[in-house]
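Take a look at the structure below.
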Amino acid sequence: MPVKQFIISKKRRVLVSENSPHYGVCKTLHLIDASISKKKKEKLVLRKVSVTETILENFLLSPHLETIVIHHARYLKHVHIGGRNLKLKHFEIVATTTVSSIVLSDFDLESFTYKGSKTELDLAHLSMLREIDMYDGHIRLNSNMFKQIASCALSLQHLSIYIVDPTKSLNLHSLPVLPNVKKLRLAIGSSKYNCLEYLGAILSACPNLENFTRLMQLYLFT
């Protein structure tokens, strides 16, 4: 069996990792899917294994699964998760260049982490979402980050984001107010002179901020 680690622990956690350059473990994941349902596992961690959209959908059918962590899953191109029947509360994806879109909608997600190259992002009807971490992730310019988080503006408490060029990805007139954000971690690219204007607008959108970390990077955009 090519899977190097396949652990179903007593702590309601399943870990699967694959260090081989060959990602041939799809059949094994179907067995894991059955184990999750029977043993009432709450957390699934997949590291360097083959995960397709169909396999991910099967995992989500588990009535007990609350956390999914996916690191470098080959073949996973489109992540579409949604539906009021889902129990998923925490979702983390560390992606390669294969993931081209992420859509999360209409379930009680509490935390979302994305680390990877540029992807399309669509967040909708996530009224329980308290934490978004995209500090090491990139979204395409037409996926306005602040527009995407409007649906969770009242619940959001921790926000970590990386904005390469605010002049192209931010609309100063449409920033939602985030009244409950207490912690903000922000990396922002500077396009000559107006970066501070965007930085000020973001800070104004978080009136109750308690902890702020900023990384300013200089980019000369044309």
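A few notes on this one:
- Across region 110-121, computed HN-Hα scalar couplings (Karplus, 6.51 cos²θ - 1.76 cosθ + 1.60, θ = phi - 60°) run 10, 8, 9, 10, 10, 10, x, 7, 4, 8, 7, 10 Hz from first to last residue, x flagging Gly and Pro.
- The phi-based Karplus calculation (6.51 cos²θ - 1.76 cosθ + 1.60; θ = phi - 60°) puts the 3J(HN,Hα) values of region 59-65 at 4, 5, 6, 5, x, 10, 6 Hz, whole numbers, x for Gly and Pro.
- Each of the peptides 203-211, 125-133 was scored by the mean count of other Cβ atoms within 10 Å over its residues; in descending order, highest first, they stand as 125-133, 203-211.
All of the numbers you see were taken from the coordinates with simple rules; none came from a lab. These numbers were taken from a predicted model, which means no experiment stands behind them. Using ideal geometry, Cβ is built from the backbone for each residue, glycine included, and neighbour counts are taken over all protein chains shown.
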